[in-house]
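Beneath this line is the structure, given in structure tokens, with notes to follow.
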């Protein structure tokens, strides 16, 4: 009787997740991979031989409460061994964490190798694209500047695992190789700023990358903004008063990559209301974009009546929104638009973006801002090219990749 009761209890316990597996919806991206599908009824000998393994994979991926169990397992491994169950993240030294790669199918640590000296190589035509970028904009009467932002691996190499630290400590990074190349026109080189050594000094006294973040944020961005403006547009005339700042504890931008592990960190950002700056975040901040704003999504806009009467337009990757408010001290208006979704715009929407952002060359400073991996691995090309080149030229350059 006792043995039968135990058997019944085990069956009853297992039946709960078994029933749940038929009723609970799994989210396709919750484990950063494709989940196994229920295999069809086998209609051949070969399919019949493969069916048990396929059915077992579906059972494993559809097991009731699997998501909760996966999250619990992740938390336990992280708490006990400081170990991530995904190779997308790396736990470094001094409680710093690094985004190891941007795509789950990439080889381990490729995202770090892409930006470090003696490991990554820029895309073969990066110099030629930069030459074309500045030439196209100049032909339209615009003279943008490009700020290439060094990312965390090359700024905090001592915090990386020992196998990665030496190469990421070097100064001959892929971005530096592009800037030193004789294939890059002198006129283009003069419009690019890659403040690697400057930011390596800044990070010793101010935060540039919180220890749990991939994107940059912190009081060090104030110094980077000032340095970039002095480098690109040294002008007479006093900026507005220094921005007031505030500190908050925020969820890391990498937490979503590993279910169950909640990474948080302290971040310092401008207190825009206390600084007298009108701020707007989101797709509707620049009404002139029309429905293109909904596609682009990552948009910020700031108005500072105490700053010089000039506009700064920032075309960026995802690094733009965190630094854009720090520029508001220097401009009456700052408008930042992420170009990550430009490829999804219709031709008429591309025209609307050009008309809204590039319509006043005399009164506007145009800043292109991309992190090092994005800048030399086609991120800027995919995001900005449709805004400066004719469609036929774009087709030819893309086909030449």
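The values are calculated or read from the model by the stated rules, or taken from the named source; none is laboratory data. Everything numeric here is computed off the predicted structure, so don't read it as measured data. Quick reminder, even Gly has a Cβ in these numbers, built from the backbone with ideal geometry, and neighbours come from all protein chains shown.
Quick check on residue 52: is it modelled with pLDDT of 75 or more and either over 30 Å from residue 261 (Cα atoms) or not in a helix (DSSP H, G or I) (or both)?
Judged against the criteria, residue 52 is a match.
Restricting to segment 143-154, name every residue that is within 22 Å of the chain's Cα centre (by Cα) and either surrounded by fewer than 21 Cβ atoms within 10 Å (Cβ to Cβ) or not in a helix (DSSP H, G or I) (or both).
144, 145, 146, 147, 148, 149, 150, 151
Provide a single number: the residues in segment 87-107 that are under 18 Å from the mean Cα position of the chain (by Cα), assigned to a loop (DSSP other than H, G, I, E, B) and farther than 20 Å from residue 266 by Cβ.
Within segment 87-107, residues that are under 18 Å from the mean Cα position of the chain (by Cα), assigned to a loop (DSSP other than H, G, I, E, B) and farther than 20 Å from residue 266 by Cβ number 9.
Out of the residues in segment 110-134 meeting the condition of being closer than 23 Å to residue 158 by Cβ and surrounded by fewer than 21 Cβ atoms within 10 Å (Cβ to Cβ), tell me which one is modelled with the highest pLDDT.
Restricting to residues being closer than 23 Å to residue 158 by Cβ and surrounded by fewer than 21 Cβ atoms within 10 Å (Cβ to Cβ), the top hit is 110.
Are there helices (runs of 4 or more DSSP H) fully within segment 168-224 with at least 2 residues that are within 22 Å of the chain's Cα centre (by Cα)? List them.
Correct list: 174-180, 196-202.
So which strands (runs of 3 or more DSSP E) are wholly in segment 268-326 and hold at least 2 residues that are closer than 19 Å to residue 342 by Cβ and in contact with a strand residue (DSSP E or B) (Cβ under 9 Å, 6 or more places away or on another chain)?
Ranges flagged: 299-303, 311-316.
Report yes if residue 46 is surrounded by fewer than 15 Cβ atoms within 10 Å (Cβ to Cβ) and modelled with pLDDT under 75, otherwise no.
So residue 46 does not fit the description; no.
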